[in-house]
1. Among the listed residues VAL29, VAL19, which satisfies the condition of being assigned to a loop (DSSP other than H, G, I, E, B), over 13 Å from the mean Cα position of the chain (by Cα) and modelled with pLDDT of 95 or more?
2. Just wondering, is there one or more residues in the range 103-110 that are open to solvent by 70 Å² or more (accessible area, probe 1.4 Å) and on the phi > 0 side of the Ramachandran plot?
3. Only one of these conditions is not met by ASP93: (1) in contact with a Ser or Thr (Cβ under 6 Å, 6 or more places away or on another chain); (2) within 25 Å of ASP156 (Cα to Cα); (3) of a type in the set (D, E, K, R); (4) surrounded by 15 or more Cβ atoms within 10 Å (Cβ to Cβ). Which number is it?
4. Scan the range 163-187 and report the pairs whose first residue is farther than 17 Å from MET149 by Cβ and whose second residue is among the basic types (Lys, Arg), with Cβ atoms within less than 9 Å and a gap of 6+ or a chain change.
5. Please name all residue pairs, on different chains or six or more residues apart, with Cβ atoms under 8 Å, provided the first residue is in the range 55-83 and is without any contact (Cβ under 8 Å) to a residue 60 or more places away in the chain and charged (D, E, K, R) and the second residue is open to solvent by less than 40 Å² (accessible area, probe 1.4 Å) and not in a helix (DSSP H, G or I).
6. Check every one of the strands (runs of 3 or more DSSP E) wholly within the range 114-187 and list those with 1 or more residues that are closer than 20 Å to ASN60 by Cα.
7. Taking interchain pairs and intrachain pairs at least six residues apart, which have beta carbon atoms under 6 angstrom, with the first residue in the range 1-28 and without any contact (Cβ under 8 Å) to a residue 24 or more places away in the chain and the second open to solvent by 70 Å² or more (accessible area, probe 1.4 Å) and not small (Gly, Ala, Ser)?
Amino acid sequence: MKKLLIDKNWTLFLDRDGVINQRLPDDYVKHPDEFELIPGVTEALAIFANLFETIVVVTNQQGIGRGLMTVNDLKLVHDKMLATISAKGGRIDAVFYSPDLKNTNSFTRKPAIGLGLKARKQFPSIRFNKSIMAGDTYNDILFGHRLGMKTVLIGDDKTAASKAIDMLDYTFPDLLSLATFLKDSLK
């Protein structure tokens with residue numbers, strides 16, 4: 001696999017469900033007690049903290065739009081995520097989310113690029129051509145591709161991989177594998 005040479009000026013964009021935490025089948029993570037990190041994520045984020053200037057999460061959260069959870073519920077989930085990751089030496093600099101329903105064609109709902117533009121507004125040093133988008137769905141890959149990022153599919157979704165084949169730069173089974181690959185590429 002071709003090395004990806006990054007430096008400290010790069011930005012890492014991460015999807016949340018299915019990448020950082022366990023995805024709940026046919027449901028949403030609505031409360032902190034439903035939030036379960038995927039094994040290896042805290043170790044990966046500790047490695048990423050030393051590799052990237054900025055690390056952000058971009059996540060679609062239509063459970064809010066559907067009335068299944070509130071913005072405060074989501075904040076409590078994200079507070080738990082950030083505290084757990086920070087306690088293990090990792091870092092996430094910001095979380096950007098879209099509460100909008102899939103059928104609204106919202107500018108902030110991935111694969112639209114609004115969350116990326118919000119991130120760059122908050123962190124003006126972000127350069128999309130020096131960024132990586134890691135996600136577990138076709139929409140994550142399309143989002144990253146539209147912004148000119150390197151794209152990484154996390155997991156083994158063969159449908160997502162086949163749909164995104166022309167836009168996909170790398171595939172890894174999990175975040176820890178990506179972190180190890182990037183750390184080893186610097187040697």
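The values are calculated or read from the model by the stated rules, or taken from the named source; none is laboratory data. What you are looking at is a predicted structure, and each value in this text was computed from that prediction instead of being measured. Methodologically, a virtual Cβ is constructed for each residue, glycine included, from the backbone with ideal geometry; neighbour enumeration extends over all protein chains shown. Accessible surface is based on the protein model in full, side chains and every heavy atom, while ligands, DNA and RNA are left aside. Shrake-Rupley method; radii C 1.70, N 1.55, O 1.52, S 1.80 Å.
1. Result: VAL29 is the single residue among VAL29, VAL19 that is assigned to a loop (DSSP other than H, G, I, E, B), over 13 Å from the mean Cα position of the chain (by Cα) and modelled with pLDDT of 95 or more.
2. yes
3. (2)
4. ASP184/LYS3; LEU186/LYS3
5. Taking only residues 6 or more apart or on different chains, the pairs are ASP73/LYS30; LYS80/PHE35.
6. Once the strands (runs of 3 or more DSSP E) in the range 114-187 are filtered for at least 1 residues that are closer than 20 Å to ASN60 by Cα, what remains is 131-135, 150-154.
7. These pairs meet every condition: GLN22/GLU36.
One line per residue, one yes/no per condition, for (1) touching a helix residue (DSSP H, G or I) at 6+ places or on another chain (Cβ under 7 Å); (2) more than 26 Å from HIS145 (Cβ to Cβ):
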site: ASP7; (1), (2): no, no
site: TRP10; (1), (2): yes, no
site: ASN50; (1), (2): no, yes
site: VAL56; (1), (2): yes, no
site: GLN62; (1), (2): yes, no
site: LYS75; (1), (2): no, yes
site: ALA83; (1), (2): no, yes
site: SER98; (1), (2): yes, no
site: LEU101; (1), (2): yes, no
